[in-house]
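Before any comments, here is the structure.
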Amino acid sequence: MSQPNNPGSATLQAINERERIAELHPTSWANPDAPERYPLVVVGAGFAGLAAARTAAERGIKVALIERSLLGGTCINTGCVPSKAIIRTSRLYAEMRDAVRYGAQVPPTIATDFAATMERVRRIRNRLGQRDSVRRLAAAGVDVFFGNARFVGAQALTVDGATLHFDKAVIATGARPNPPSIPGIAEAGYFTNESIFEITKLPRRLLVIGGGPIGCEQAQAFCRLGARTTIVQIRPLFLEREERDAAQILSTALARDGVEVRLNTRVRGVRVVHGGKLVDLVSDDYENTIEVDAILAGVGRAPNVEGLGLEAAGVEYEIGKGVHVDDFLRTSNRHIHAAGDVCLQHEYGHTAWISGGMAVRNAVFRGRERWSKLIIPWVTFTDPEVAHVGIYVREANRRGIPVKTFTVLMHEVDRAVTDSEETGFVKIYVREGTDRILGATIVARHAGDMINEITLAMMANIGLGTLAKVIHTYDTQAEAIQKAAQGCARAMASMAR
Amino acid sequence: MDNQVPRRTDGRPPAAGDLASWPDAALLETLQRAAFEYFPRNSDPVTGLVADTSRARSPCSIAVVGFALAAYPIGVERGWIARADAVQRILAALRFFDASDQSGSPAGTGFKGFYYHFLDMHTGARVWRSELSMVDSALLIAGVLTAATYFTGTNAAERELRALAESLYRRIDWCWAQNGATTMRMGWKPESGFLNYGWEGYTEAIVMYVMAMGSPTHPISPQAYQGWTSTYQWENLYGHDCLYGGPLFMHQFSHAWIDFRGIRDRFMQEKRSDYFENSRRATYIQREYAKHNPNEFAGYDANGWGLSACDGPVGAWVAASGAVQPTFGYAARGVPYGPDDGTLSVPSVLASLPFAPDMALQAVRNLLARYPEVLSDARLSTGLNPTLANANGTAWVSAGHYGLDQGIVTMMIENHSSGLVWQLMRACLPIRRGLQHAGFRGGWLEHPIEGPS
């Protein structure tokens, strides 16, 4: 696998980076003069903080938004957006190699161009980042402050030498990578899910530690881009939280891509010898060592609670677990709410965004919205994607809820066959004897899009029997959902007889 | 019955192509007898241990010993082995296990009444750094109990056999195998302790839980069983409501011993099904999967199915579709979620006989006719991969024979034709007690113990 030399890439990278800084944290920016009191102050300008600030501004509330680094937070800068961009390119390479499957010819040479891949990542990141640039936020009526925020009282904080008094505040400082402590790894050097997008050269041999969503996504992507990739997962299956079958399919998919899968394996230590990183692995009582050029720690996140002066504000928190909130996202200080990764178990872009708006509605507009009432889907963006919403079967069993699963394999769906995308399934869980949807797991190339139909049905209390009557366009992969619904409808009719 | 079996005039075992056209009874008896003969041929006369495979230098698999111990009563009933010979072979194994090193040392034989998965055939010492295996120990003990239930003679040998069997069963510390958790652990190693793997989802482990609950000395609580069943997945697959388990062996191994027809635990009462019916449906799901054949493997169709634990090719190859297809060697293949590399287990098809006799027989005949290379010495090879045929069109076939396959084939043909093992185990007190503690009700469990017919 060759890598063309691209002399212009460094220049492009520098230009992209300058543009990004200019939009998301301009060096010449002067913080505004603070009024005597803000109705709302938002600490952190990631997805949660941006949603909070925009929700307030759209309703005419004067709001201050404080960010110590770049606007957009993890999602735009180091998370969702760059990872999806790199995944898309890697998928293209995989399809090129797999061209015969689609009745096409494999190109004579498939030259990966990592510099071009990363240039595209940065270009897309810049473009999407502009949506929440400092100029646009200011134009929307948001007072943007750059600097480290620190609470100095129950309703006051300081930033860049200024003291902001507030009626209400939302803490939305997010989370950061917090890799497990492994002897030697710090000395050897490693990437996290945040720093990996800054690399400029594809590592020849990559070790990914962790078989959660981040680890699986990046292992597959870098393997497809040409890195000889090994993934190490301490548990016997990937994606511990998901259904076993989803994890099984993912294992097979990664192996098919050429990823060396090491389940039930932990990293005991890392050593640097002659420039190579020697990684000692242990699986039960079997020990071996592999040599790699780069390590990506794809596990561990820690909420950003340090240095905020939360004690002064009377906000209870726990290092490693984050700010404590109730079902209304309110902290132990009744004037302060929290949103996003700093307080939620669900660490996704959409949950951050939703929680930011909810926190403001509850804090400022006397809302009574409960987090536990939300129906939250999520997706692991591997190929195939793994998407889930609602309850898991094991959780239903534990709670004594009788559950029945209607499963349709993707190879039963015409469009999946014509697309040669037959790997996966749709499983919809209903309360046994009824058509009430309790949850769903979808493993499919486009599972992330498909899960939204189930989420809508659950949100609107639409039974699975009704979904059977919804006309789904032929020929689409979403027909899998209709087929599962038809199975449920047949079962219901059979019971009625 | 022996007289009904056609023989080649040259005395050699019948060829697969011939067998495929034989009448049902003759076909089954030939395959069953050949399968049974695996055990005396691959046993160590001193230790009584039985080889995992017929390949040279194969170690013993303790689960295969369990199948052998359950097969000997069948051999006696069928007239394939003298009763006294069978008793001596069983006694050799029981004496060995009784006196074996139970210190848990790396080179020992077992610990806490359980045994390492693979043992040296002649010394009984642990090999391959294998794990102390809970389920394989359970399959061994199921065989021990079968033998003890069958050999009820009053002579010294059979009395000793029963005493040793009881001793081996009583000394198993099933509670230890929970390691403080609700459910049982899968294994333990002296070097690293309990394995990460626990039992999650329906598997062949039901017989293990039953014996663990029926133990007079170290019984696990019914909550352990409930904890396990709470991980079950009840799914509608291809239109069949089924308790999901991917590979066929999961739907067969416990059924080799326990007659699940008409008896139901709480889970099956709620689902208005039973485990026997579930295995029938699982068999149909296997066929449906093969008909869909999503990976376009050769040989998969309505009469070409059977994904289970078996040996298969190793490495990767490029399919006609262009896809790189990894292969998995010895692995538990399953439907519909995989893994699937185009390898079929014909013994698992034959072992489906009690659940779907017509379908299983039709498939076995078809596979024998299409791929005669899967049969040698009238015994079925463990793995068949028609997609990876050689230049002559001969399918890839795993070398030699596996004891687990021969055991399940011997027992399931017998259960299909006479129900002998099921009858025996209905009268086995630990099994009855364990089933009752697990909450099984109805059917034969409500009736007094019957003797073997």
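For the reader, a short list of remarks on this structure follows.
- Coarse-grained scattering of segment B:56-182 at q = 0.13, 0.14, 0.20, 0.22 Å⁻¹, given as base-10 log I(q)/I(0) from a Debye sum over alpha-carbon atoms: -0.51, -0.59, -1.10, -1.27
- Evaluating kT/(6 pi eta Rh) at 25 °C and 0.890 mPa s, with the Kirkwood radius of segment B:382-453 over Cα pairs in the Stokes-Einstein relation, gives 159 µm² s⁻¹.
- Rounded to 5, the percent of DSSP beta bridges in segment A:181-285 classed as antiparallel: 45 percent
- Per residue, the Cα convex hull of segment B:141-282 amounts to 130 Å³.
- Low-density loop cleavage sites - trypsin sites (Lys or Arg not before Pro) in segment A:355-457, where at most 10 other Cβ are within 10 Å (DSSP): A:ARG366, A:ARG368, A:ARG399
- Solvent-accessible area per residue in segment B:19-123 equals 33 Å², computed with a 1.4 angstrom probe and all protein chains kept.
- Mean per-residue shielding of peptide B:235-241 is 6, counting Cβ atoms of other chains within 10 Å of each Cβ.
- Each residue was assigned an accessible area with a 1.4 Å probe, and for B:TRP444 the value is about 20 Å².
- Within the accessible area of segment A:202-246 (1.4 Å probe), percent carbon and sulfur: 52 percent
- List B:PHE440, A:PHE328, ordered by accessible area with a 1.4 Å probe, largest first: A:PHE328, B:PHE440
- Expected-Rg normalisation [2.2 N^0.38 Å, Cα atoms] applied to segment A:368-443: 1.26
- Leading residue at positive end of dipole, chain B (Cβ point charges), from B:GLY239, B:ALA165, B:LEU49: B:ALA165
- The figure for B:SER103 is an accessible area of roughly 70 square angstrom, using a 1.4 Å probe on the protein chains alone.
- Relative contact order (%) - chain B, alpha-carbon pairs under 8 angstrom, separation at least six: 18 percent
- Nearest-20 debye value, the protein assembly as shown charge dipole, Cβ charges on Lys, Arg, Asp, Glu: 1420 debye
- For the chain pair B and A, the interface hides roughly 3100 square angstrom of accessible area in total, found with a 1.4 Å probe.
- On the beta carbon distance between A:ILE15 and B:TYR330, with R0 = 51 Å, the FRET formula returns roughly 0.40.
- The trypsin sites (Lys or Arg not before Pro) of segment A:185-240 meeting both criteria, a DSSP state outside H, G, I, E and B (loop) and at most 11 other C-beta atoms within 10 angstrom of the site's C-beta, are A:LYS201.
- Cross-link pairs exceeding 29 Å between alpha carbons, from the set B:LYS271/B:LYS291; A:LYS404/B:LYS291; A:LYS321/A:LYS373; A:LYS404/B:LYS112; A:LYS404/B:LYS189; A:LYS469/B:LYS271: A:LYS404/B:LYS112; A:LYS404/B:LYS189.
- Long hydrophobic helices in chain B: the complete DSSP H runs spanning 18 Å or more by Cα along their own axis with mean Kyte-Doolittle hydropathy of at least 1.0 are B:62-78, B:134-150.
- Computed over segment B:200-321, the ratio Rg/Rh where both radii use C-alpha atoms and Rh is Kirkwood: 1.05
- DSSP bridge pairs, the protein assembly as shown: antiparallel proportion in percent, nearest 5: 70 percent
- Normalised by 2.2 N^0.38 Å, where N counts its residues, the alpha-carbon radius of gyration of the protein assembly as shown equals 1.05.
- Fraction of C-alpha pairs exceeding 44 angstrom in chain B: 7 percent, rounded to a whole number.
- Sum of side-chain charges, A:THR455 neighbourhood, beta-carbon under 14 Å (Lys, Arg +1; Asp, Glu -1): -1
- For A:MET495, the solvent-accessible surface with a 1.4 Å probe is about 120 Å², rounded to the nearest 10.
- Cys with no candidate disulfide partner in the protein assembly as shown (beta-carbon separation under 4.7 Å rule): A:CYS216, A:CYS223, A:CYS343, A:CYS488, B:CYS60, B:CYS175, B:CYS242, B:CYS310, B:CYS428
- Taking every alpha-carbon pair under 8 Å whose residues sit at least 6 apart, segment A:40-106 reaches a relative contact order of 27 percent.
- Rolling a 1.4 Å probe over the heavy atoms of the protein chains gives segment B:127-236 an accessible area of 31 Å² per residue.
- Segment A:288-307 residues near the modelled A:VAL272 label - backbone nitrogen below 18 Å, point 7 Å along Cα→Cβ: A:290-297
- Among complete DSSP H helices in chain A, those whose alpha-carbon atoms stretch at least 24 Å along the helix's long axis and whose mean Kyte-Doolittle hydropathy reaches -1.0 are A:80-97, A:479-496.
- Inter-chain Cβ neighbour count for B:335-341, averaged per residue, equals 5 (cutoff 10 Å, partner chain atoms only).
- Cβ-based net charge around B:THR217, under 14 Å, with every Lys or Arg adding one and every Asp or Glu removing one: +2
- Convex hull volume of the Cα atoms of segment A:290-358, normalised per residue: 116 Å³.
- Comparing the full protein assembly with the isolated chain, the residues of segment A:218-253 losing at least 30 square angstrom of accessible surface (1.4 Å probe) are A:PRO236, A:ARG244, A:ASP245, A:GLN248, A:THR252.
- Take the Cα of A:TYR286, step 7 Å toward its Cβ, do the same at A:THR109, and the gap between the two points is 3.9 nm.
- The mean accessible area for residues of segment A:30-113, using a 1.4 Å probe and ignoring ligands and nucleic acids, is 40 Å² per residue.
- In percent, rounded to a whole number, the relative contact order of segment A:310-415 is 15, using alpha-carbon pairs under 8 Å and six or more apart.
- Where N is the number of residues in chain A, Cα Rg divided by 2.2 N^0.38 Å: 1.04
- Listed residue (A:PHE406, A:TRP371, A:ALA387) projecting farthest to the positive dipole end of segment A:369-421, Cβ model: A:TRP371
- Reported value for segment A:412-497: 86 Å³ per residue, from the convex hull of its C-alpha atoms.
- Straight-distance crosslink candidates among lysines, where the alpha carbon sits under 20 Å from A:LYS168 and sequence neighbours closer than 8 are dropped: A:LYS62
The values are calculated or read from the model by the stated rules, or taken from the named source; none is laboratory data. Not measured: the values here are computed from a predicted model. Glycine also receives a Cβ, built like all others from the backbone with ideal geometry; neighbour counts cover every protein chain displayed. In case anyone asks, the SASA skips ligands and DNA or RNA and just uses the protein heavy atoms, side chains included. Shrake-Rupley method; radii C 1.70, N 1.55, O 1.52, S 1.80 Å.
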